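**Student:** Take a look at this one; I'll ask things after.
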């Protein structure tokens, strides 16, 4: 009987089929396409979800998969390029998350797009289908190059969907910005992919079967050999001679190059600027981008090749610091935003900062945990925001809302569930995962790697801001009195909006229970299910993808050591900070007629409103530095390069015309020149040959 | 079972020439153009086919010495017999339409066949005497063919210039041969080399003789400074004759050049004591390709441009001798083989290009680039073929010219002549400029209003298309050619 894993390739291919259906039917026979392509999309993603869950159970039975599907470049005496699938606990978990969120987003789109009478629906659903396909294929990619290709496809899809309303002014520009900024990071990623191939001769994440190698494992061997144990793999030794760097340094360079793509896609400082603008896209697309696909791809990639990063303490520290800084930095900007989706956008940046912080501080489980919980509560928040936006007739300004609590209870309570999760209030999902990240940062920071304490401090401080902006958003939107006519009489929403909200609302409240580390420590009960899930098997090639192995790498290679700190006090601190932030929001904004308090911030307000001038300096970089540089290069090209080329050609043409003149047409001239030429040859070779 | 004599390809050509004469003698007044063309085509095709057959059957693995060492049949001679036979076939087929209105048709065919016999024999010549005789056998009919259009001043003038320069060159060459004989006392190529076994005597006389001999070959291959006749002759001659001289005659000149210098004057002995002829050819190669390409770039007349490009290609082929080195084994075979491959590919693409010019002359569209404007709208198929020829000549991968140039340059690099390959590559890039002018004219420019093409020159079309198919086929089926050419070079060095 065919097992679940035999159907794994179908998981991404189903949404691809729905993409094709929406595209082709939408073009040739739009009338035949039910609901503008929504139905095929829903069916396909539901199918993916079912298969993903089935795969999940198969994996839980210890049934893993790594299989080459198609080799599209066969290398002779060198590496080959192929597509393949890799299903391990991490991938299986991500498959379920992505297909679930994609399914719910499709359903929600019925309410958000179809019921609102949008045009161009086949294009929209084709984009969603392709987006889901790309992300699912990225998740099951078994090598870095395939991951890169689908990573790029994800970027392309985000461009198509953010710019869905291409006739308006904002969306096309936002789409371009998202595309270009992430492309900037991907450029480094591409070089990184090439570097990985050049260094290791393979880009596989895991090696199964004869003669296969996995680059993280080869890196481990190389570093071990550099430390005096075992032998350096041949290709690595050869290439290190070429670059002339030590293994540790070179691998760090490679790791940072790949990280460039991650920073772009996961919207980490300083490449985060595209993400708030991306709010121009339809809200379900924002949900998909932020929760499960594009932004998640970056963090997932680091987790996917964690066996490589765990070897490199420098890179880990950079990841942790970038993550911690982004978490804090984005949270502070979220405090002053007036539009619902803008707040959520900055919260996304901040939350992914936490995940990076977790990965950088050795909290692989914690970061993955947060990736999962965040996927659910952020999808929930966006869909909730979408519901509010429908109700508010597409007005997103929170100062025009208020008092929506009574009008739309389902949205309110689910949104509240998501907000509690985001703010990290016990026992909602975000509390457990965020707390675990901070805990890991603390113990390793207090242990052997004090630099991580800086990252920890930033992450901790961000908790306060997170609590504040989250509840500022909740109070402004739902509490108090209605501040506009629309808010007094909001538009109703249908089942197709409520259903996804309820599913996600329940998940946001409960999904954190799968890994309650403090409770486990306290009671001694064996309830860290996620940790067990990701621990990895023993004795097979897949054990290299498990947390046990990563932990061993962190200790042996990155020099991480944990201090013995009980989890309760740090948990209490972060909970207190979250509650403090929420409480401040309560005091300031949970009143009938809230007013803006931003004036009290003084000069900081302008800075925050302008997002720390991030866009400005990047525009300045583009216009003030890159453009003159490009002009100079152009001038060089036009003047010097073209000048030389033109000079050569005019010299050629000139000498050509001289030669024409020699060719006078008078045959006696020819005879004379012929003879002279012969004499010249005779003299030259006679003298050199010593004939005379 | 009887065996065919090893010289069958040459014998067939000579016999066909006589048959053509015979037919004309028997019926001098009838319109026998088609019959004569048919007979001539059969003969040339048969000659090329037999050469190919001999090659594949392994006849070329040995040296079949004929007439006491005066002639020899080996892989090199068969390879060039095939080249000459193929080019002659294309030319004869194309001439059928070109000559339709002329009076002395039989003379044209038989002279072409006799010249082809001479060229084919040049590849087999194994003694300085036969070298000279076969060279003259190829040259004298060529002079006549160039001035074949007796009432056309350009044709007659071109023929006269060709003849005068040719006579001068022949004189220099035969003087050189006499000096070599004076220094060595023998005429056979192998015996000359044997005399060096006891040390080289009369160094000055021998050196003078060798350089003068080079002059004779340089004339035949249109290398600088003996190239002056080429633009004039190619431009004035009927286009099929230009095709014939620039492809087959050049190939034959190189064939005999290769044989004489590798057999009679081994680089190991001569380079140190008399004259470093690989350096001499390197100098000639650089000057020839540079001058040819630079001059071609400024031409307005397509046929003249092709003439200079033909000079430039002679420069490329000279690399095959320039890059030889003392004691080099496989590298020498490789680079010399590469030159031979280039000559074969060149036989198709250059002949095709000149025959396209013949087609244009047949239509009477004029000779300059501007006159070719928009031809593609009227004659798309022929223009596709012309595009293939032009790009293949420039070395773009649409035809065999890409691979043969590539192998040639690679061979030069491999032998340690990277600078020579670099010069050739720069020249090759320059050549793209003037070749693409033709392509631009026929495809991109708009035709003038009164551009009308009349007539259905089937033979010309067939020849042009066959050349195009050959050019493209050599791109995909290059390997057997490369094997054969390398093998031929191997045989030349070893036996």
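The values are calculated or read from the model by the stated rules, or taken from the named source; none is laboratory data. This structure is a prediction, so every number in the text was calculated from the model and none was measured. Note that each Cβ is placed from the backbone with ideal geometry, even for glycine, and that neighbours are counted across all protein chains shown.
**Student:** Take residue B:337 and decide whether it is in contact (Cβ under 8 Å) with a residue 12 or more places away in the chain and either under 22 Å from residue B:352 (Cβ atoms) or surrounded by fewer than 24 Cβ atoms within 10 Å (Cβ to Cβ) (or both). Break it down stepwise before answering.
**Tutor:** Working: in contact (Cβ under 8 Å) with a residue 12 or more places away in the chain: yes; either under 22 Å from residue B:352 (Cβ atoms) or surrounded by fewer than 24 Cβ atoms within 10 Å (Cβ to Cβ) (or both): no.
Judged against the criteria, residue B:337 is not a match.
**Student:** Pull up the stretch B:167-178, narrow it to residues that are surrounded by 18 or more Cβ atoms within 10 Å (Cβ to Cβ) and within 11 Å of chain A (Cβ to nearest Cβ), then point me to the one that is farthest from residue B:69 (Cα to Cα).
**Tutor:** B:168
**Student:** Still on this structure, please answer the following. Mind checking whether some residue in the stretch A:588-596 is part of a helix (DSSP H, G or I) and either closer than 30 Å to residue A:430 by Cα or in contact with a strand residue (DSSP E or B) (Cβ under 7 Å, 6 or more places away or on another chain) (or both)?
**Tutor:** yes
**Student:** Condition first: free of Cβ contacts under 8 Å to residues at least 40 places away in the same chain, in contact with a helix residue (DSSP H, G or I) (Cβ under 6 Å, 6 or more places away or on another chain) and within 12 Å of another protein chain (Cβ to nearest Cβ). Now tell me which residues in the stretch B:195-224 satisfy that.
**Tutor:** Correct list: B:202, B:205, B:208, B:209.
**Student:** Being touching a strand residue (DSSP E or B) at 6+ places or on another chain (Cβ under 7 Å), part of a loop (DSSP other than H, G, I, E, B) and surrounded by 19 or more Cβ atoms within 10 Å (Cβ to Cβ) is the filter here, so list the residues in the stretch A:55-92 that pass it.
**Tutor:** Residue satisfying the conditions is A:64 alone.
**Student:** Looking at (1) at pLDDT 90 or above; (2) farther than 22 Å from residue B:460 by Cβ, which is the only condition residue B:414 fails?
**Tutor:** (1)
**Student:** Are any of the residues in the stretch A:507-524 buried (at least 16 other Cβ atoms within 10 Å of the Cβ), more than 23 Å from residue A:425 (Cα to Cα) and touching a residue at least 12 places away in the same chain (Cβ under 8 Å)?
**Tutor:** No, there is no match, as no residue in the stretch A:507-524 is buried (at least 16 other Cβ atoms within 10 Å of the Cβ), more than 23 Å from residue A:425 (Cα to Cα) and touching a residue at least 12 places away in the same chain (Cβ under 8 Å).
**Student:** Could you tell me whether the stretch A:123-134 includes any residue that is closer than 30 Å to residue A:55 by Cα and surrounded by fewer than 24 Cβ atoms within 10 Å (Cβ to Cβ)?
**Tutor:** Filtering the stretch A:123-134 down to residues closer than 30 Å to residue A:55 by Cα leaves A:124-134.
Remaining after also requiring surrounded by fewer than 24 Cβ atoms within 10 Å (Cβ to Cβ): A:130.
Yes, because at least one residue in the stretch A:123-134 is closer than 30 Å to residue A:55 by Cα and surrounded by fewer than 24 Cβ atoms within 10 Å (Cβ to Cβ).
**Student:** Next question, about the same structure. Touching a residue at least 24 places away in the same chain (Cβ under 8 Å) and more than 30 Å from residue B:194 (Cα to Cα): is that true of residue B:259 in this structure?
**Tutor:** No: the conditions fail for residue B:259.
**Student:** Would you confirm whether or not the stretch B:339-351 contains a residue that is in a helix (DSSP H, G or I), within 14 Å of chain A (Cβ to nearest Cβ), at pLDDT 90 or above and under 21 Å from the mean Cα position of the chain (by Cα)?
**Tutor:** Scanning the stretch B:339-351, I find no residue that is in a helix (DSSP H, G or I), within 14 Å of chain A (Cβ to nearest Cβ), at pLDDT 90 or above and under 21 Å from the mean Cα position of the chain (by Cα), so the answer is no.
**Student:** Just to be sure before I move on: is residue B:325 more than 14 Å from chain A (Cβ to nearest Cβ), modelled with pLDDT under 90 and either surrounded by fewer than 24 Cβ atoms within 10 Å (Cβ to Cβ) or touching a helix residue (DSSP H, G or I) at 6+ places or on another chain (Cβ under 8 Å) (or both) in the structure I sent?
**Tutor:** The answer is yes for residue B:325.
**Student:** A further question on this structure: Which of (1) surrounded by fewer than 24 Cβ atoms within 10 Å (Cβ to Cβ); (2) more than 14 Å from chain A (Cβ to nearest Cβ); (3) in a helix (DSSP H, G or I) is the odd one out, the single condition residue B:186 does not satisfy?
**Tutor:** Here residue B:186 clears every test but (3).
**Student:** Right, something else. Picking from B:118, B:159, which residue would you name as being buried (at least 24 other Cβ atoms within 10 Å of the Cβ), within 21 Å of residue B:218 (Cβ to Cβ) and within 14 Å of chain A (Cβ to nearest Cβ)?
**Tutor:** B:159
**Student:** Taking only pairs six or more apart or across chains, which ones have beta-carbon atoms under 7 Å, a first residue in the stretch B:469-484 that is over 17 Å from residue B:381 (Cα atoms), and a second residue that is in a loop (DSSP other than H, G, I, E, B)?
**Tutor:** Qualifying pairs under 7 Å: B:474/B:399; B:475/B:397; B:475/B:399.
**Student:** When you scan the stretch A:620-692 for helices (runs of 4 or more DSSP H) that lie fully inside it, which ones turn up with 1 or more residues that are within 27 Å of residue B:426 (Cα to Cα) and more than 10 Å from chain B (Cβ to nearest Cβ)?
**Tutor:** Correct list: A:627-636, A:642-662.
**Student:** Check the stretch B:429-446 and report whether any residue there is at pLDDT below 90, surrounded by fewer than 24 Cβ atoms within 10 Å (Cβ to Cβ) and under 28 Å from residue B:489 (Cβ atoms).
**Tutor:** Among the residues of the stretch B:429-446, at least one is at pLDDT below 90, surrounded by fewer than 24 Cβ atoms within 10 Å (Cβ to Cβ) and under 28 Å from residue B:489 (Cβ atoms), which makes the answer yes.
**Student:** Given the criteria at pLDDT 90 or above, within 14 Å of another protein chain (Cβ to nearest Cβ) and surrounded by 22 or more Cβ atoms within 10 Å (Cβ to Cβ), does residue B:312 qualify?
**Tutor:** Numbers: at pLDDT 90 or above: yes; within 14 Å of another protein chain (Cβ to nearest Cβ): yes; surrounded by 22 or more Cβ atoms within 10 Å (Cβ to Cβ): yes.
For residue B:312, the condition - at pLDDT 90 or above, within 14 Å of another protein chain (Cβ to nearest Cβ) and surrounded by 22 or more Cβ atoms within 10 Å (Cβ to Cβ) - is met.
**Student:** Is one or more of the residues making up the stretch B:146-155 assigned to a helix (DSSP H, G or I), under 20 Å from the mean Cα position of the chain (by Cα) and either crowded, with 24+ Cβ neighbours inside 10 Å or within 14 Å of chain A (Cβ to nearest Cβ) (or both)?
**Tutor:** For the stretch B:146-155, residues assigned to a helix (DSSP H, G or I), under 20 Å from the mean Cα position of the chain (by Cα) and either crowded, with 24+ Cβ neighbours inside 10 Å or within 14 Å of chain A (Cβ to nearest Cβ) (or both): present.
**Student:** Got a sec? Which of A:638, A:663 is within 22 Å of residue B:287 (Cα to Cα) and without any contact (Cβ under 8 Å) to a residue 24 or more places away in the chain?
**Tutor:** Working: A:638 fails: within 22 Å of residue B:287 (Cα to Cα).
That would be A:663, the only listed residue that is within 22 Å of residue B:287 (Cα to Cα) and without any contact (Cβ under 8 Å) to a residue 24 or more places away in the chain.
Yes/no per residue for (1) in contact with a helix residue (DSSP H, G or I) (Cβ under 6 Å, 6 or more places away or on another chain); (2) within 14 Å of chain A (Cβ to nearest Cβ); (3) free of Cβ contacts under 8 Å to residues at least 12 places away in the same chain:
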| position | (1), (2), (3) |
| --- | --- |
| B:244 | yes, no, no |
| B:263 | yes, no, no |
| B:276 | no, yes, yes |
| B:285 | yes, yes, no |
| B:288 | yes, yes, no |
| B:299 | yes, yes, no |
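**Student:** Would you say residue A:153 is touching a residue at least 24 places away in the same chain (Cβ under 8 Å) and either in contact with a helix residue (DSSP H, G or I) (Cβ under 8 Å, 6 or more places away or on another chain) or assigned to a helix (DSSP H, G or I) (or both)? I'd like the intermediate steps shown before the answer.
**Tutor:** Working: touching a residue at least 24 places away in the same chain (Cβ under 8 Å): no; either in contact with a helix residue (DSSP H, G or I) (Cβ under 8 Å, 6 or more places away or on another chain) or assigned to a helix (DSSP H, G or I) (or both): yes.
So residue A:153 fails the test.
**Student:** Same structure again: Does at least one position in the stretch B:86-93 carry a residue that is at pLDDT below 90 and in a helix (DSSP H, G or I)? Give the derivation first.
**Tutor:** Of the residues in the stretch B:86-93, the ones at pLDDT below 90 are none.
No, there is no match, as no residue in the stretch B:86-93 is at pLDDT below 90 and in a helix (DSSP H, G or I).
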